[in-house]
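Undergrad: Let me begin by handing over the structure; questions about it come next.
The values are calculated or read from the model by the stated rules, or taken from the named source; none is laboratory data. Small disclaimer: the values here were computed from a predicted structure and weren't measured. Glycine gets a Cβ as well: all are built from the backbone with ideal geometry, and neighbour counts include every protein chain shown. Ligands, DNA and RNA are excluded from the accessible area calculation, which covers all protein heavy atoms including side chains. Shrake-Rupley method; radii C 1.70, N 1.55, O 1.52, S 1.80 Å.
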Amino acid sequence: MGATLRALRALVLLLGFYLLSLVLLAVLVGVDVVAFRWGHGPAMLKLGFVTVLLAVPVVQGMFMLRTPKGEDGPGIDVTEAAEPRLWALVREVAAAAGTRAPDRIRLTGEVNAAVSEDPRLLGLLPGPRRLYLGVPLLTGLTEARLRAVLAHEYGHFTGGDTRLSALVVRGRVQLGRVIEQFHDRADGKVAAERAKQEQAQAKRVARGKKAKQVDTSGSGATYRMMAAVYTQYAKLYLRASLSTARGQEFAADQVAARIAGRDAMAATLREIPVLSVSHGFYLDSYATLGLGARLLPPRGEFFGGFGALLAARAEELEGLRERLPEDPASPYDSHPPIAERVRRIEALPADGRADEATGPALALLTDPARTLAVLEDAVLTDEVLRYGRAPGWPELLNASMASGLSTARTPLHQALAARTGQPATLAALLEVVDAGGLWQLAEQLPLSAEAKAARGRAFREFARPVLHRSLRTMVLAEFSARSLLSWDFSWSEPAAVRLPGALPAAADGDGRSPKESSKESPDEPPEKSLEAALDAALADHPDTTALRALLPSAPQPA
């Protein structure tokens, strides 16, 4: 579909919104006219009042003439004077695409790139252009693949997509606004009716009568009916406009393949989902690791550590690149499935172009470390920026794990507190176990229905894994409180706990909570001793002697 037809389609969709609104207004006026002919009583006045209330959101939606300007989102603008190499590449690719370069470049903290334009006269005249580049993309892509990303985004400029988006966005915003207003009014009616009925029920109770159940099912029904009409058109609007958007993505891919080369574009499409998944993992398991302890990574490392993760897990990530995500397609997707996009590009004839410029795209920045530090100030909230800074990643891990263990509340903690009515401590737990109350305590754990129905040895086998994980966490918390634990930091492996005098023992996959691990090597007596002590404390006939011996300050039983 050419730009002219896409413009016509966008205009028709927008006009459809106004036509629907005019039809609904005509229906409301018709209802008033018919009612006026029937009579002039209070019921007719009430009906007229209702139709006016229904017409207000419709008229407001029709006359929202200006499309709200979208905010840029958190990020930093970079000038050509500050980043000459990045701007040179941006202008070079724009010239190759035969389009005008953006007027602004904004660096963000997302795995994404995008372009936008503020056209005039609903897209008939061009306007200022912006390019958004996610720093994680610069970190994970080579310069050649960044070139492919830029060429794809410029494909939206050459296809007129950004100028036509003003029409499409305007329709989406206006539909959303009208639907929201009708729902808000319906919710207001429900709230008012509920308050009215609750007041009436309170009076009934005060008179000694039985309160009736509050029923607001019919409140706001007229408003919801109007919202439903617009919702149906909104679905049609979205399906039609987003199908156009998916076609625009395919067309932009073709532009990128022409400019950057088929192989570079295909490799880029394979790389971006990998970077997206990796960055999410990095944020969860590394960058935000210390938030519970109110600690941040060293200055500039909140985004800067992502490169270290990618380098350390290069072999693991290579397997992800070969397995394209096969997400089911939806008519409401703005982008086609990535696997389909890759297949279309790889089906193009070979152009003989090698993947040139293999250096990291981040090196295009004049001072990457400084840029990453400034980006933190722009993206992170003021509250988070007031947190302390760990001197290094190992120190961040140790502080985070110590904080997590000190506040850990396992199912065993909860069951013990409910049984004793006192704070759940390891010492209190050992007393309960020594008194023969372990398996009665286990009955309070959140177990499956099958486990709860079991009896005797079968129940103990069901409960023992839950008890083991919780008890091990409580013991590690005790070691941590005495500064006897340390953790081995790694970019490529899960965090590993180091017991006093022990070699590393595997921890949970995200490095945040320990998991069961048994080592048979004679070089690791503390870990082996801990596992043996835990097993003895959770045996059919529990014995805490060995466990108490590992805890220097634990009280001995009488």
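Undergrad: Provide, as a two-decimal number, the C-alpha radius of gyration of the stretch 238-340 over 2.2 N^0.38 Å, N being how many residues it has.
TA: My calculation over the Cα atoms of the stretch 238-340 gives 1.36.
Undergrad: Going 7 Å from the Cα of Ala82 in the Cα-to-Cβ direction, what parts of the stretch 354-398 have a backbone nitrogen less than 14 Å from that spot?
TA: Within reach of a label on Ala82: 365-379.
Undergrad: Measure off 7 Å from each Cα along the Cα-to-Cβ vector at Thr420 and Thr545, then give the distance between these two points in nanometres to one decimal.
TA: According to this spin-label approximation, the distance is 2.3 nm.
Undergrad: Taking a ≥ b ≥ c as the square roots of the Cα gyration tensor eigenvalues, with a/c under 1.5 meaning rounded and otherwise prolate when a/b beats b/c, else oblate, which class fits the stretch 217-297?
TA: Because a/c hits 1.5 or more and a/b fails to exceed b/c, the stretch 217-297 counts as oblate.
Undergrad: Distance between the C-alpha centers of the stretch 285-304 and the stretch 374-418? Whole Å please.
TA: Each part reduced to its Cα centre gives a spacing of 9 Å.
Undergrad: Ok, one more. Starting from the Cα of Ala192, step 7 Å along the direction of its Cβ; do the same at Ala311; then give the gap between the two resulting points in nm.
TA: 6.5 nm
Undergrad: Calculate, for Asp215 and Lys46, the FRET efficiency according to 1/(1 + (r/R0)^6) with r their C-beta to C-beta distance and R0 25 Å; round to the nearest 0.05.
TA: Efficiency for this residue pair is about 0.70.
Undergrad: What is the extension gain from Gln199 to His335, computed as 0.36 nm multiplied by their sequence separation minus the C-alpha to C-alpha distance, in nm to one decimal?
TA: So the extension gain works out to 43.8 nm.
Undergrad: Can you tell me, using C-alpha contacts under 8 Å and at least 6 residues apart, the relative contact order of the stretch 191-306 as a whole percent?
TA: 11 percent
Undergrad: Taking θ as phi - 60°, what are the ³J(HN,Hα) couplings along the stretch 344-350 by the Karplus curve (6.51, -1.76, 1.60), each to the nearest whole Hz, with x for Gly and Pro?
TA: Residue by residue, the stretch 344-350 yields 5, 6, 5, 7, 5, x, 4 Hz.
Undergrad: Give, as ranges by residue number, the residues of the stretch 267-307 whose backbone N falls under 16 Å from the point 7 Å along Cα→Cβ of Glu395.
TA: Once the point is set 7 Å along Cα→Cβ of Glu395, 290-291, 293-302 turn out to lie under 16 Å by backbone N, inside the stretch 267-307.
Undergrad: Tell me which residues come under 5 Å, amide H to amide H, from Glu110 once H is placed; ignore anything under 5 positions away on its chain.
TA: Hits under the 5 Å cutoff: Val135.
Undergrad: Same structure again: If amide hydrogens are placed 1.01 Å from N in the peptide plane, which non-local residues have theirs closer than 5 Å to the one on Trp487?
TA: Distant-sequence amide H within range of Trp487: Arg498.
Undergrad: Further question on the same structure: Could you report the stretch 299-444's accessible area per residue, 1.4 Å probe, as an integer in Å²?
TA: Here the residues of the stretch 299-444 average 53 Å² of exposed surface.
Undergrad: Please give the peptides 439-450, 208-219 ranked by average Cβ packing (other Cβ atoms within 10 Å per residue), highest first, as a rough proxy for protection.
TA: Packing order, densest peptide first, comes out as 439-450, 208-219.
Undergrad: Compute the orientation-averaged projected area for the stretch 351-424 from the convex hull of its Cα atoms and round it to one decimal in nm².
TA: 10.9 nm²
Undergrad: To the nearest µm²/s, what D does Stokes-Einstein give for the stretch 272-395 at 10 °C and 1.306 mPa s, using the Kirkwood radius over alpha carbon pairs as Rh?
TA: In µm²/s, the coefficient is 91.
Undergrad: List the residues whose amide H sits under 5 Å from the amide H of Thr142, counting only those 5 or more places along or on another chain, with H placed 1.01 Å from N in the peptide plane.
TA: Ala361
Undergrad: Continuing with the same structure: At 1.4 Å probe size, with the rest of the protein present, what percent of the exposed accessible area of the stretch 175-317 is carbon and sulfur atoms?
TA: The value for the stretch 175-317 is 55 percent carbon and sulfur by accessible area.
Undergrad: Now, a different point. At q = 0.11, 0.12, 0.14, 0.19 Å⁻¹, what base-10 log of I(q)/I(0) does the Debye formula yield for the stretch 347-487 when every alpha carbon is treated as an equal point scatterer in vacuo?
TA: Each listed q maps to, in turn, -0.67, -0.71, -0.81, -1.13.
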